[in-house]
Amino acid sequence: MPLLRQQLQDFGLLISAGQISNMLTKGYDAFHAEKAAVKQVGLETARWISTDDTGARHLGCNGVTTQVGDDRFTSFDTVASKSRLMFLMTLRGEFRDYVINAAALVYLHEQDAAEFLIDRLMEHEGRAFADENAWTDFLIEIKVTGAKSVRLASEAAVAGSLDHHGLLHNAVIVSDGAGQFDVFRHGLCWIHAERLINRLVTVTDQQRAAVTLVRHLIWWFYHDLKLYRATPSAQAKGSLKARFDRIFSRSFAFDDLDQALVRLKARKSELLVVLDRPEVPLNTNISEQEIRDPVTLRKISGGTHSEDGRRCRDTFLSLKKTCQKNAISFWAYLGDRLGADSDVSGQGFRFISGHPFRSVSGHLLRGDFGRADRAFPAGLEEASLDAAFPVKVVIGCGRPGFPWEGPEGRCGVLAPKLTRRRPSGGTCGKRGRPLAAPTVTLAPPRLPACAGTHR
């Protein structure tokens, strides 16, 4: 914030840090609603999702930013802690209800919950509770007060809410194997699984040779799984299952390696989920790449200091990544949503008018995203800032296909030019003439001739 304020002051803009904060974090309810709609429709129609999380700072406390998404959408949500219940609540999104239904009871059985807990909730099957307070009162009423029982019951009720709202029906959740993500039908990332073997500490030549052999067999198997995804067949499916058993049933004179192989074999169903669902990815590379943006923000800016700031960070990161996945210019999307237009020199335009992303949730539901025209129309864009000392900002824009190229076919230099204009009223200056607010004209930035077309 101090650097941004200083830069604006260098351009002649007199503005407080609080006003900058308000401009960046307040008044974006429409974007928050669209992000929630994208997430809801994405989870309703997803065949699989990939997820990961990273640390975050909010209000001076440690938190967690969780990423979920597939090849069509991305959603970031920052929460207070890392747990399975918190992950389920993140998937639930804007819904706040707790539902006891068949999905909730199945979840309890999968988590090996105590019989008394399953029986007590089964007596109330079909009930729904509007919020956390109503749910807590219900648990006290049926005498479920133990920490573990409350946690399992709450997880089951949130899972029931997901099923009630039609979220993640028959979808596979692919993760790095962290415990909080192991819910519903789970797929394990092969790259993270192989790290159990790669990170083993070897001492003798025999141990190093054994680890090298196992890693070679795993990556060979991984390559064949990729081929299977492209052309699945029943014969290849049976062959790969038998081959998996042969690889992970091997025994070496190396206890750590043998134990790692036993652990991986125990997760056979998660590692081989692709055999039944070829569309599911074999790794979490999508999540690993997308989670880098919150990490970069954390390293540069630290953390957020208000709820508005946290929501805006999560919302605009989510919308930016969703635009990128669908070949849509994020700047063009923002211009369309904010109604950016211009009539300068008689060249009026409206960003991406009639763009297929205009109703993003509906297109996610139908799965009919189209490619966007990345070209920026020629013309000028005006924006005025009302402050104690009004300033007019004029920003140049280039011809189609080259967002910042000048009208002569050459790029200009970012050069503030201060001029005077007569205001409607104000303090009189020298010789009784009224003082006008400065106008800052930003010419297009200069780029090398070989820069090519900007994307």
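For the reader, a short list of remarks on this structure follows.
- Scanning the range 170-204 for residues that are assigned to a loop (DSSP other than H, G, I, E, B) and either touching a helix residue (DSSP H, G or I) at 6+ places or on another chain (Cβ under 6 Å) or over 30 Å from LEU88 (Cα atoms) (or both) gives ASP176, GLY177, ARG199, LEU200, VAL201, THR202, VAL203, THR204.
- Comparison of LYS237, LYS241 shows that the only residue that is surrounded by 11 or more Cβ atoms within 10 Å (Cβ to Cβ), under 18 Å from PRO281 (Cβ atoms) and in contact (Cβ under 8 Å) with a residue 12 or more places away in the chain is LYS237.
- Top-ranked residue of the range 279-335 - restricted to ones that are without any contact (Cβ under 8 Å) to a residue 40 or more places away in the chain and among the small types (Gly, Ala, Ser), ranked as farthest from HIS223 (Cα to Cα): GLY335
- Among the residues of the range 259-273, those that are surrounded by 14 or more Cβ atoms within 10 Å (Cβ to Cβ) and not β-branched (Val, Ile, Thr) comprise ALA260, LEU261, LEU264, LYS265, ARG267, LYS268, GLU270, LEU271, LEU272.
- Failed item, numbered, when GLN207 is tested on (1) surrounded by 15 or more Cβ atoms within 10 Å (Cβ to Cβ); (2) in a helix (DSSP H, G or I); (3) in contact with a helix residue (DSSP H, G or I) (Cβ under 7 Å, 6 or more places away or on another chain): (3)
- In the range 47-68, the qualifying residues are those that are among the small types (Gly, Ala, Ser) and at pLDDT below 95, and the one that is farthest from HIS305 (Cα to Cα) is GLY55.
- Scanning the range 43-93 for residues that are touching a Phe, Trp or Tyr at 6+ places or on another chain (Cβ under 9 Å), basic (Lys, Arg) and part of a loop (DSSP other than H, G, I, E, B) yields a single hit, ARG72.
- For the residues ALA147, ALA153, the requirement of being within 21 Å of SER83 (Cβ to Cβ), modelled with pLDDT of 95 or more and among the aliphatic types (A, V, I, L, M) singles out ALA153.
The values are calculated or read from the model by the stated rules, or taken from the named source; none is laboratory data. From a predicted model like this one, the values you see are computed outputs, not experimental measurements. Neighbour counts are summed over all protein chains in view; Cβ atoms, including those assigned to glycine, are modelled from backbone coordinates with ideal geometry.
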